[in-house]
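Q: Input: one structure, supplied below.
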Amino acid sequence: MATSRSFCGSSNITMLAAALLLLLSTSAVAQLDVSYYSKTCPHVEQIVREEMLGILQEAPTLAGPFLRLHFHDCFVRGCDASVLIDSTDVANKPAEKDAPPNKSLRGFGAVQRVKDRLQSACPNTVSCADVLALMARDAVVLAGGPTWPVALGRRDGRVSIANETNQLPPPTSNFTRLSKMFAAKGLDAKDIVVLSGGHTLGTARCVSFTDRLYNFTGANNPSDVDPALDAAYMAKLKSYCRSLADNTTLAEMDPGSFLTFDAGYYRLVARRRGILHSDSALLEHPTTRAYVERQATGLFAAEFFRDFAESMIKMGNIGVLTGDQGEIRSKCYAVNK
């Protein structure tokens with residue numbers, strides 16, 4: 001079964017860009033350490049876990065959004081918490097959080113809740129970027145998923161630009177586009193299929209996939225549907241996503257267990273019931289298709305958990321700021337004055 005981390009379909013230019021990214025980030029990643037706050041804020045992980053327990057007891061549907069926040073942060077300017085910054089002037093200088101791909105992000109208030117607790121315990125010490133990384137890990141753990149060591153010491157960025165969210169893989173991506181966008185961040189085909197498994201948690205707005213139901217090729221007629229989507233599942237999705245422009249209705253990504261981290265997502269994808277284009281795209285490449293089919297058997301969930309932990313560590317190291325780069329924000333939604 002092909003689960004190699006090599007991806008031969010990338011262009012030479014993409015491979016060179018990824019290699020350059022790796023070289024530039026290696027020294028910064030080397031400065032991250034799981035014990036980074038051992039003297040300055042020794043109870044940081046305990047504090048985050050205590051707050052996460054309370055947050056998810058109050059709002060269990062936030063587990064998926066916390067994972068998504070971390071992903072959306074790392075893919076734009078690296079894991080520097082730039083996704084959390086408010087726009088200083090929405091009309092002229094919108095920040096990442098006000099860009100279309102991020103309009104549906106949730107959990108900002110909870111992030112600040114955790115940051116405030118850390119500020120009380122260890123003033124101006126723990127970065128918002130590290131808070132996001134820890135919250136994403138704990139969201140997965142508390143939803144029944146794997147744990148992993150989170151190396152700490154990220155610094156917070158001071159820049160957030162809405163237009164730079166074009167680095168985020170859109171839900172309409174085919175595999176070629178996914179592979180190029182992940183490779184630009186130093187991630188490969190296996191990372192794509194493994195990190196996509198995070199879709200076992202959370203929901204998606206209908207508007208992110210209704211073109212598959214109503215206007216797949218632009219013909220704008222009832223029969224213009226995505227043939228890659230299971231017909232029975234399509235009918236079910238149409239029953240609550242009533243129009244192409246439905247931007248309010250939410251659909252469970254992994255129906256029936258969207259609050260639990262498990263390998264059930266792959267069974268859906270294997271049955272052509274992945275809700276997004278990008279989910280279905282995993283069946284387009286032999287490496288990712290093989291992984292989907294292997295996990296769909298239900299016999300290798302422990303393997304998926306290990307792989308997910310490994311890929312999350314890789315993602316959490318993208319473009320990190322360390323040392324005297326950036327800052328430690330006192331409020332996650334605003335750069336320090």
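The values are calculated or read from the model by the stated rules, or taken from the named source; none is laboratory data. Remember, it's a predicted structure, so these values are computed and weren't measured experimentally. Every residue, glycine as well, gets a Cβ built from its backbone with ideal geometry; the counts of neighbours run over all protein chains shown. With ligands, DNA and RNA removed, areas are computed over all heavy atoms of the protein, side chains included. Shrake-Rupley method; radii C 1.70, N 1.55, O 1.52, S 1.80 Å.
Q: Considering only D224, D279, D116, give the residue with the highest GNM mean-square fluctuation for the chain, with springs between Cα atoms whenever their separation is below 10 Å.
A: Of the options given, D224 has the highest mean-square fluctuation.
Q: For segment 252-268, just list the computed ³J(HN,Hα) in residue order, Karplus coefficients 6.51, -1.76 and 1.60, θ = phi - 60°, integers in Hz, with x standing in for Gly and Pro.
A: So the J values, rounded to whole Hz, are 5, 5, 10, x, x, 9, 6, 9, 10, 7, 8, 9, x, 3, 5, 5, 5.
Q: Turning to a different aspect of this structure: Against the longest principal axis of the chain, how steep is helix 286-296, in degrees 0 to 90 to the nearest 10, with axes from Cα atoms?
A: Here the helix axis deviates by roughly 90 degrees.
Q: How would you classify segment 213-337 from its alpha-carbon gyration tensor, with a ≥ b ≥ c the square roots of the eigenvalues: rounded for a/c under 1.5, else prolate if a/b is greater than b/c, otherwise oblate?
A: Oblate is the answer for segment 213-337, as a/c is 1.5 or above yet b/c matches or exceeds a/b.
Q: Scaled to the compact-protein estimate 2.2 N^0.38 Å, what is the alpha-carbon radius of gyration of segment 58-197, rounded to two decimal places? If you can, show how the numbers build up before the last one.
A: Values: Rg = 15.2 Å, N = 140, 2.2 N^0.38 = 14.4 Å.
Working it through for segment 58-197, the quotient is 1.06.
Q: Please report, in whole Å³, the volume per residue of the convex hull around the C-alpha atoms of segment 264-330.
A: Working: hull volume 9.8 nm³, N = 67.
Convex hull volume per residue, Cα atoms: 146 Å³.
Q: Just to confirm, what accessible area per residue do you get for segment 237-337 at 1.4 Å probe, in whole Å²?
A: 44
Q: Restricted to Cα positions, what overall size does segment 25-136 have along the principal axes? Three whole-Å values, descending.
A: 43, 39, 23
Q: Starting from the Cα gyration tensor of segment 172-260, take the square roots of the eigenvalues, sort them a ≥ b ≥ c, and report rounded, prolate or oblate (rounded when a/c is under 1.5, otherwise prolate if a/b is larger than b/c, else oblate). Can you show the working numbers first?
A: Numbers: a/c = 2.25, a/b = 1.40, b/c = 1.61.
Verdict is oblate for segment 172-260.
Q: Moving to a separate point now. Which residue, A59, A136, A296, has the most motion in a Gaussian network model of the chain that connects Cα atoms within less than 10 Å?
A: Comparing A59, A136, A296 in a Gaussian network model of the chain, the most mobile one is A59.
Q: Quick check: from the Cα gyration tensor, does segment 121-192 come out rounded (a/c under 1.5), prolate or oblate?
A: Judged from the Cα gyration tensor, segment 121-192 comes out oblate (a/c at least 1.5, b/c at or above a/b).
Q: Pull up the cross-link candidates among the lysines for K93, meaning alpha carbon to alpha carbon under 29 Å and not fewer than 8 places away within one chain.
A: The qualifying lysines are K103, K115, K180, K185, K331, K337.
Q: Report ³J(HN,Hα) in whole Hz for each residue of segment 235-249, in order, from the Karplus equation J = 6.51 cos²θ - 1.76 cosθ + 1.60 where θ = phi - 60°; Gly and Pro get x.
A: 4, 5, 5, 5, 5, 10, 9, 7, 8, 4, 9, 5, 10, 10, 5
Q: How many percent of the accessible area of the chain is carbon or sulfur, using a 1.4 Å probe?
A: Working: 8190 of 14700 Å².
In the chain, the share of accessible area belonging to carbon and sulfur is 56 percent.
Q: On to the next question. In percent, what relative contact order does segment 188-337 have, based on Cα pairs under 8 Å that are 6 or more apart in sequence?
A: Details: 182 pairs, mean separation 40.3, N = 150.
Reported as a whole number, the value is 27 percent.
Q: Would you please put 143-149, 217-223, 285-291, 298-304 in order of how densely packed they are, using the mean number of other Cβ atoms within 10 angstrom per residue and starting with the highest?
A: Numbers: 143-149: 17.3, 217-223: 8.9, 285-291: 20.1, 298-304: 14.7.
My ranking of the peptides, most packed first, is 285-291, 143-149, 298-304, 217-223.
Q: Report, in cubic angstrom per residue, the convex hull volume of the C-alpha atoms of the chain.
A: Details: hull volume 46.7 nm³, N = 337.
About 138 Å³ per residue, rounded to a whole number.
Q: Here's something else I'd like to know. Considering Cα pairs under 8 angstrom that are at least six residues apart, work out the relative contact order of the chain and quote it in whole percent. All intermediate terms of the calculation are to be shown ahead of the outcome.
A: Numbers: 582 pairs, mean separation 91.7, N = 337.
Worked out over the chain, it gives 27 percent.
Q: Follow-up. With springs connecting C-alpha atoms under 10 Å apart, model the chain as a Gaussian network and identify which of Q112, Q57, Q31 has the largest mean-square fluctuation.
A: Q57
Q: Per residue, how large is the accessible surface of segment 78-119? Use a 1.4 angstrom probe and give square angstrom.
A: Numbers: 1730 Å² over 42 residues.
I get 41 Å² per residue for this part.
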